[in-house]
1. Roughly what % of DSSP beta bridges within the range 742-843 run antiparallel, to the nearest 5?
2. Roughly what % of DSSP beta bridges within the chain run antiparallel, to the nearest 5?
3. Round to a whole angstrom and tell me the spacing of the C-alpha centers of the range 232-279 and the range 828-893.
4. Need the list of lysines near LYS674 for cross-linking: C-alpha distance under 20 angstrom, and skip anything on the same chain fewer than eight residues off.
5. Can you tell me the Rg and Dmax of the range 435-485, counting just the alpha carbons, in angstroms?
6. Return the whole-Å distance between the Cα centroid of the range 315-348 and the Cα centroid of the range 21-86.
7. In whole Å, what are the extents of the range 110-166 along the principal axes defined by its C-alpha atoms, from largest to smallest?
8. Could you tell me the extents of the range 532-690's C-alpha atoms along the three principal axes, largest first, rounded to whole Å?
Amino acid sequence: MTETNKEGLPKIYEPKQVEGKWYQYWTENNLFRADVNADGEPFSVVMPPPNVTGSLHLGHALDNTLQDILVRWKRMQGYNTLWVPGTDHAGIATQAKVEESLASEGQSKYDLGREKFLERVWDWKHQYGNRITSQLRYLGTSCDWSRERFTMDEGCSQAVQEVFVRLFEKGLIYRGNRIINWCPKCQTTISDIEVEHSEKGGHLWHIRYPVKDGDGEIVVATTRPETMLGDTAVAIHPDDERYKSLIGKKVILPILNREIPVVADEYVDPSFGTGVVKITPAHDPNDFEVGLRHHLPQISVMTKEAMMNEEAGPYSGMERYECRKQIVKDLESQGYLVKVDEHVHAVGHCYRCDTVVEPMVSPQWFVRMKPLAEPAMEVVKDGRMTFIPERFTKIYLGWLENIRDWCISRQLWWGHRIPVWYCQDCDYIYCGKEEGLPEVCPKCGAVHFEQDPDVLDTWFSSGLWPFSTMGWPNETAEVKKYYPTSVLVTGRDIIFFWVARMVFMGLEFMHEVPFREVFIHGLILDSQGRKMSKSLGNGVDPIEVIEQYGADTLRFMLVTGNTPGNDIRFHFERLEATRNFANKIWNASRFVLMNLEGFDPHESWGELTLADRWILSRYNRLIGDVNKALEAYDIGEGARAIYDFLWSEYCDWYIELVKPRLYGKDASVSDVVKSRQTAQKVLSHVLRGTMQLLHPFMPFLTEEIWQQLPHHGQSIMVSSWPGAQAEFMDDSVENEMGLLMEVIRAVRNIRAEMNVAPGKRAEIILVSSNEESRRLLAQGSAFVANLANASEVKIEGVTYGQPEGAVTAIVGDVTVYVPLKDLIDLTKEIDRLTKELRVTEEEIRRLGSKLNNPGFVAKAPADVVAKEREKEREALKKKAALEERLRGLTALG
Ligand SMILES: [Zn+2]
Ligand SMILES: [Zn+2]
């Protein structure tokens, strides 16, 4: 053990002074760096890469605090620990940022051209892209910065290319005309899960379609009449008796007068609307599928800007909603409109710009999902991968069961460009590395190749994150040692975007799950339970919180009261309370350090008192409790256990109990010096160990204190995690101490209730017929006297009637008597209480007459009435308590 640092702790805890210093110390000494060649069972985690455009929000703060707690805990337990940090290139977000700045210069990306534009984006990334990772450092994250990755760095890009080519060669990537979600404003495809649906009030228009050859008519209902211009059929349910005779016949599409067939398809819901639906394969995903089944043509009637095109006939050139108005008008004037109903339905919006997305048919690249989804479901069903909490398993499986092919092409410039080249003179396609591109087309001999202009969905590269960051496709030592990773910590909002994709990519390319456990946490809401958002202005900047309260306080506050998977509300009061906890630890540690003078850490334990044995027992139990909580990912429970121990047991009881020994004033011991030494040993041993247990939660504060205490080694973060020692755990000691604590509490309560001035000391009499209890009380009488502010503690086997003027309390088989006659002025106290009783009775009368007034009860809002009733109940309770005390006091007199 080294000597304690003589400087000691400053009087006031200043998080800023503590935090910057230690983060620098840890990084300078390479304490976060993983050594792939070192021994130790691996424990590895990849950080969900934040967007390179981002700045730290509370969600990141929570996510990374949870990861850091697990990583620091495992590292101290001796695992070979790797935590890989990095950022995501965030295709659309980053491109939009740079386009904005170009626009402010009066330029567009087309003025620059692709190559120059990408240079601008890289410049932007180099200049601003480190913001979020430097913010993560303030939080205290102990990730291995020497292994920091970026989804578009050389290695990750190589992995992306390799994966694309292999999937292409296996037939799992294909190019096809498919219905996709198109954002007319962003001018790009967006994936199904990037479409946000919201309920909108709209209309259901009922339109008459005449049957060809004058054979009557049918009525279809639609929410989007403008798309009828692209109708290529109407459909009915095959079992719908009403329309059976029409199957195979033709109807006339109003306005355009095109003949279209009536088809029968199970997809039609006979109970919705009229039971007949129009089929527009080019503008609706379900119709698209129906169209494929019935070999219907696809007619696109809109441009990429959501304007009507030449297929729209007379409406060509109109904006989509303008067209809707006009077409409804025309249908009405031509007698085709049957009726209009009000109708609420879900409308899809772009998650970035909130424009209504347009389903469109377009040539895109897809990943064939069925063969990849199967094994990704298997590993969860057979337990190779588990979700914490378990309920997310169902959500994950449900999504994969219903998955559609994944559209991976994006009409952007910033991202991984699709590694496919097209011969401009024939239909030859080359997929592979650019170096391998043939000079002449093997099919037609031409030399005109052009690369696909699109880039890949950002989630394509983040789906490879657990192995691309470890150097795959190269066979690196990291891949061998650290894959699969131990746990993924992430928010419930990206299970589909990210978690599922990592799973099937990992299984396909590594033949092994990417992580054994997925620990899902909730979202952080404001104090009223609303999502934090820019528009509500209710966001909290974690960096500001760190500035004001320190990272330790933010971290601890975020995890306390937090159970896996559930959302958390952010309250500033809780932040204040956590800061008080940090101050409490600081002050207690200062007290301990100031009282370690002359302490020799090499001395043996000496003779342990009941208090010593009690705190050692409680401390060793705490170790087990914290381990148990962390193993179950119940991080909040671990934090609570440490909080309670430190605050209520170590600070409020143990420190108070050992004070007389530290000051050399404990008359009950024979060897004052030895007793002091033992107290110092227990105090510092328990404090040091508790700082270790707390370290993963509050890394900075605990390092500062640990460094000042007698310790081994360079840093608390690489010290050995405390092990629980069974020989110190002692139920009977805890019970015995529990009895003394109860007695002290009882006396304190009586004094508080009777309004005894703190300076006045009272004699107390403890009576028990149980010999064992008396022995115990005798042993602890010095504690009791000290902590219950007693002038004398008398212990007796029997009482001969109640001592005169005493208040009593029962604790187990002990009766506590506190004679009060000399402590309070009885007459004065009776007067005071009588007055209070009158005021309370007056209040009860007032409330009673109000509540008995039918006018008030009928007219006042329900919550006001309820409040008044509650007040009445409280007042009645108070009245009873006051009467009880008055009776007691009168008896004393
Ligand atoms: Zn958009
Ligand atoms: Zn060719």
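Throughout, read-outs are computed from the coordinates displayed, never taken from laboratory work. None of the values given here were measured: they were computed from a predicted structure. FYI the Cβ positions are ideal-geometry reconstructions off the backbone, even for glycines, and counts take in every protein chain you see.
1. Counting only bridges with both partners in the range 742-843, antiparallel ones make up about 60 percent.
2. Working: 65 of 93 bridges.
Restricted to the chain, the bridges split so that about 70 percent are antiparallel.
3. Each part reduced to its Cα centre gives a spacing of 74 Å.
4. Cα-Cα hits under 20 Å: LYS659, LYS665.
5. For the range 435-485, the Cα radius of gyration and maximum Cα-Cα distance read 17.5, 48 Å.
6. 57
7. On the principal axes, the range 110-166 reaches 42, 35, 13 Å in Cα extent.
8. 70, 32, 24
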